[in-house]
Amino acid sequence: RYGGDNIRVSVESSTHTVSVVVADDGDGVDPEYERAMFQPYRAGMAMARVPGSSGLGLWIARGLAHKMGGNLRYRREAGLTVFELMLPSADAPPSESELAELATSSTLV
């Protein structure tokens, strides 16, 4: 709906991170909206010409990534529009927030 005709999806991994990278040859996000594209309703207003755009998708997706200890990023690279979802791999050490949650949670045995 938004991207170019040619789309590439790849999965990359490093020591403690797995990334899903989606790249296409579309026009990308207007530089005027790049800083706000992950804020609720901002993208929907910017993309009002596209029916069904509410402007919540990227905000929700990034919020979920953050809750899982990861991130969702956007960039333009070599003429491509690139979104990258980065998440900790199963063997990654727990984050400080995960350790704090474990320390304060009660477990029924």
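The values are calculated or read from the model by the stated rules, or taken from the named source; none is laboratory data. The shown structure was predicted, so the numbers you read here are calculated from the model rather than taken from an experiment. Neighbour counts are summed over all protein chains in view; Cβ atoms, including those assigned to glycine, are modelled from backbone coordinates with ideal geometry. Ligands, DNA and RNA are stripped out before the accessible areas are found, and what is left, the full protein with its side chains, is counted by its heavy atoms. Shrake-Rupley method; radii C 1.70, N 1.55, O 1.52, S 1.80 Å.
Restricting attention to the stretch 74-106, the residues being of a type in the set (S, T, Y) and at pLDDT 75 or above number 3. Candidates in the stretch 58-89 are the residues that are part of a loop (DSSP other than H, G, I, E, B) and open to solvent by 60 Å² or more (accessible area, probe 1.4 Å); of these, the one that is nearest to A100 (Cα to Cα) is M68.
Scanning the stretch 1-27 for residues that are under 15 Å from the mean Cα position of the chain (by Cα) and over 30 Å from P94 (Cβ atoms) yields one hit, A23.
Quick one: how many residues across the stretch 23-37 are outside any loop (DSSP other than H, G, I, E, B) and open to solvent by 40 Å² or more (accessible area, probe 1.4 Å)? Count: 2.
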